[in-house]
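**Q** Sharing a structure here in structure tokens format.
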Amino acid sequence: MIKKMMGKMAIWLGLFLMFGIILIPDLRNIIGNLVGELLNPLLSILPLHIIIFILAAITGLYASLIQKYTMDWELTRRIQEKMKTIQKEMRQAQLTNNAAKMKKLQAQQGEMMEDQMQMMKQQFKPMLYISIISIPLFFWVYLAISQSPNASVVFPFWGEQKLTDKVFWEIQYWLFWYFICSMPVSQITRKALNIGGM
């Protein structure tokens, strides 16, 4: 009972953090400053890009752990295998121009829509749990970056880039750096936990 209630509260908190910034424009600064009470001392010890690296590694680790224990990976594998089989048979039916087989496979694809919806639903829940930690960290990094406009990182082939500059569109280098740092940790953790890719 308590576990179920805590789960619902976590989901609502995740939704609030994801969409609250739209409804409450000052939310990013409020949460960023609260997280800063804990993380700001790190700024005097480590360069900002190293702090981002550490936070990204932590994000990759806990995201994988949350996905491991909140998703039915057996169901996901089963649905993915079934989809691959149908797609393979569909290609063969198209090559041989087997209209009856194609019609049968199209009906099976329609039946699989419910399975795919279930798979999407179970991927959404861990995303909300993950946002409870990752969004406040993003808000803090955003504030720290704005207060350290000269902070930079050296990328292979690109050279030194300011973390506030844009890679493309509205994506700044700090966010790009955050994601490329979290991906290897996430992949290693998933491999170790045998949970596959997302």
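All of the numbers you see were taken from the coordinates with simple rules; none came from a lab. Predicted, not measured: the structure shown is a model, and the values here were computed from it.
**Q** Which whole-angstrom value gives the distance between the alpha carbon centres of the stretch 143-198 and the stretch 31-60?
**A** 14
**Q** Springs between alpha-carbon atoms under 10 Å, Gaussian network over the chain: tell me which of Ser146, Ser131, Ser186 tops the mean-square fluctuations.
**A** For the chain, modelled as a Gaussian network with Cα springs under 10 Å, the answer is Ser146.
**Q** Let me ask another. Can you list residues from other chains, or at least 5 along the same chain, whose modelled amide H is less than 5 Å from the amide H of Gln172?
**A** The answer is Val167.
**Q** Just round it to a whole percent: the fraction of Cα-Cα distances in the stretch 72-132 exceeding 15 Å.
**A** 58
**Q** Whole-Hz ³J(HN,Hα) for each residue in the stretch 136-151, computed from phi via Karplus 6.51 cos²θ - 1.76 cosθ + 1.60 with θ = phi - 60°, x for glycine and proline: what do you get?
**A** Using θ = phi - 60°, the values come out as x, 5, 4, 4, 5, 4, 4, 5, 4, 5, 5, 8, 10, x, 9, 4 Hz.
**Q** Next question. Give a residue-ordered list of calculated ³J(HN,Hα) values for the stretch 32-38 (Karplus: 6.51 cos²θ - 1.76 cosθ + 1.60, θ = phi - 60°; whole Hz; x for Gly, Pro).
**A** Listing the rounded values in order: x, 5, 5, 5, x, 4, 8 Hz.
**Q** Can I ask one more? What value, in deg cm²/dmol to 500, does the helix sum -39500 (n - 2.57) over DSSP H runs of n ≥ 4 give at 222 nm once divided by the residues of the chain?
**A** For the chain, the value works out to -27000 deg cm²/dmol.
**Q** Using θ = phi - 60° and the Karplus form 6.51 cos²θ - 1.76 cosθ + 1.60, what ³J(HN,Hα) does each residue of the stretch 47-56 get, whole Hz, x for Gly and Pro?
**A** Per-residue couplings from phi come out as x, 4, 5, 6, 4, 4, 4, 5, 5, 5 Hz.
**Q** Semi-axes of the equivalent ellipsoid of the stretch 93-198: what are they in whole Å, largest first, if each equals the square root of 5 times a C-alpha gyration tensor eigenvalue?
**A** Semi-axes (√(5λ), whole Å): 42, 19, 14.
**Q** Connecting C-alpha atoms closer than 10 Å in a GNM of the chain, tell me which of Thr85, Thr96, Thr164 has the biggest fluctuation.
**A** Among Thr85, Thr96, Thr164, the largest mean-square fluctuation in the Gaussian network model of the chain belongs to Thr96.
**Q** So, one more: Can you tell me which of Trp174, Trp140, Trp12 moves the most in a GNM of the chain? Springs connect C-alpha atoms under 10 Å apart.
**A** It is Trp12.
**Q** Right, here's the next one. Translational diffusion coefficient of the chain at 4 °C, 1.567 mPa s, Stokes-Einstein with Kirkwood Rh over Cα pairs, in µm²/s as a whole number.
**A** The calculation lands on 65 µm²/s.
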